[in-house]
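First up is the structure itself, then whatever we jot down about it.
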Amino acid sequence: MAIDVKAVERLATDQASLKAAAGLARPGKWSGLGASHDAALIWGDCAGSGANPYRVAADLRDLGSKCTCPSRKFPCKHGLALLWLKAEAIAPFPAGDTPDWVSDWLGRRRPAAGSAPQPAAAPAAGKDLSAARVEEPEAADDPKAAARREAAAKKRGEDTQRAILEALEALEQWVGDQLRLGLAGFVEDATARCRRIGARLVDGKAAALAGHVDELPGRLLALPAGDRLRGATVELGRLVLLARAYRAAPEEATLRRAVATAETREALLDDPAAPRVAATWEVLAEQVRTRRDGLVSQTTWLLNLGATGPRFAMLLDFFPASAGRRAAVFTPGEQFDAEFLFYPAPLPLRAVLLRRGATREAADQDWPQPAPSLEDALTAPLLQEPWAAAHPLLLPAGRIGFDRAGAPWWQADDGSAALPLAGEATGLLTGTVLTRAAALWSGNRLQLLAAQSPWGRIAHD
């Protein structure tokens, strides 16, 4: 049974539990890891502060867990860490007979329904495992128990929605406080102030928005000192726009992703509105950032070289910093045939990889033409999702220049536009014509991902 880290994050009662779980999601902390033959149950012993480890078990069918630690949080950090180990495949869970203490917990957990599937018996020595595994018929579910579970799920949904709305109200009050106290003070103390409201958002089940707020100080510090007040005004305005848009349409999927969490892969696969796009793609760049909550975000940007479908695809993944840096799955500049499944949105961008075909031996397929109107390419995505931190776009032919202060600017060859760049521009980027450029536009600055020139492809670190 597959689970993902997003599902584990949604279970956490607060940011502290999630951070502690990330620290425990390491093989060295665990012993006796195992799974039932039907893969529904997992268990293990987690080293604690005492002499004896804590016994931890989880049911992957509904992500319930049990731990012998004295914590009053449910799930505790050990239960979250066990699920994290499984979701990220950080450690193996060999199949085996279910321990008695796990069976006892499962029996107490579902006494009314009596329908918990029993793990298949272990095969006799020398017999083929696949032949020995026999699916047990599911017992008829108790209608009363099913009704209770349905009512409980409905109540959890209502409680979550209420918590999110209360958190958004607190966020708007917080934004008002920053404006009242003065943006200069906010810029100087942005890290501490954003951390406090971010913790409130996590407690209110608005985890995705909390991550956005957590990264806000970094985006401000990346701006020149003279632009930070303007940048703070834009960032706070985006937060208010998102909060009000969510209150107006809380069931809209794009808004729920921006505020709470994205759909699971399984839900996305079952969504008939999710577009599937098969085309030839080029990997533009990979961005890896360590967040303050102990997670690492890995974003891969791809360009659709075909004639149909979304122009860009963004693959987003998270994993604990304690696991170390993962090996790169994609190499910037490589081209390959693939099918992506996009999250439904007015401008589909985030996607998951369904199928990857052959890699092209020579990356010789040219990039598509940019939009006829650069102004429309800059403004249309911002009108659709004004709360987003940045949107990808293709730029026409241009070159990098510098103003009197030495700040880099991208300038169109025809003189129709000039846009400031985020960060520095060095090397080949500053010494040649860029026949095409792929960049992220924040409404304030361009962040180059990659470019093409008469001399070939240029990556931008």
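Points to keep in mind about this one:
- The stretch 1-55-the stretch 143-202 distance, computed between alpha-carbon centres (Å): 26 Å
- S416-E286 FRET efficiency (beta carbon distance; Förster radius 35 Å; 0.05 resolution): 0.65
- For the chain, the longest principal axis of the C-alpha atoms and the axis of helix 15-24 are separated by about 70°.
- R148-R265 pseudo-label distance in nm [points 7 Å out on the Cα-to-Cβ vector]: 3.4 nm
- Cα centre as origin, Lys/Arg/Asp/Glu Cβ charges: the chain dipole, Debye: 1300 debye
- Among beta bridges identified by DSSP and lying wholly in the stretch 374-459, the antiparallel ones come to about 95 percent.
- In the full protein context, the chain carries 50 Å² of accessible surface per residue, based on a 1.4 Å probe and ignoring ligands, DNA and RNA.
- Once you reduce the stretch 346-412 and the stretch 419-445 to the center of their Cα atoms, the two points are 11 Å from each other.
- Note on exposure: V296, V329 ranked by accessible area (1.4 Å probe, complete protein assembly) read V329, V296, with the most exposed listed first.
- Between A95 and A35, the built amide H atoms are under 5 Å apart, and every one of these is 5 or more places off in sequence or on another chain.
- Each label point was placed 7 Å from the Cα along the Cα-to-Cβ direction; for V433 and A307 their separation is 2.7 nm.
- Helical runs (DSSP H, four residues minimum) scored at -39500 (n - 2.57) apiece and divided by the length of the chain put the mean residue ellipticity at 222 nm at -11000 deg cm²/dmol.
- Dipole magnitude (debye, nearest 20) for the stretch 374-459, charges at Cβ of Lys, Arg, Asp, Glu: 260 debye
- Distance between the 7 Å Cα→Cβ label points at T379 and K155: 5.2 nm.
- In this view, the solvent-accessible surface of I90, computed with a 1.4 Å probe and all protein chains in place, comes to about 50 Å².
- Residue-level accessible surface for K66, protein heavy atoms, 1.4 Å, Å²: 80 Å²
- Those residues of the stretch 262-290 whose amide nitrogen sits under 17 Å from the label point placed on A459, 7 Å along Cα→Cβ: 282-289
The values are calculated or read from the model by the stated rules, or taken from the named source; none is laboratory data. Keep in mind that this is a model prediction, so the values were computed, not measured. All Cβ positions, glycine included, derive from the backbone under ideal geometry; neighbour counts span all protein chains shown. To get the accessible areas, we keep the full protein, side chains included, count just its heavy atoms, and leave off ligands, DNA and RNA. Shrake-Rupley method; radii C 1.70, N 1.55, O 1.52, S 1.80 Å.
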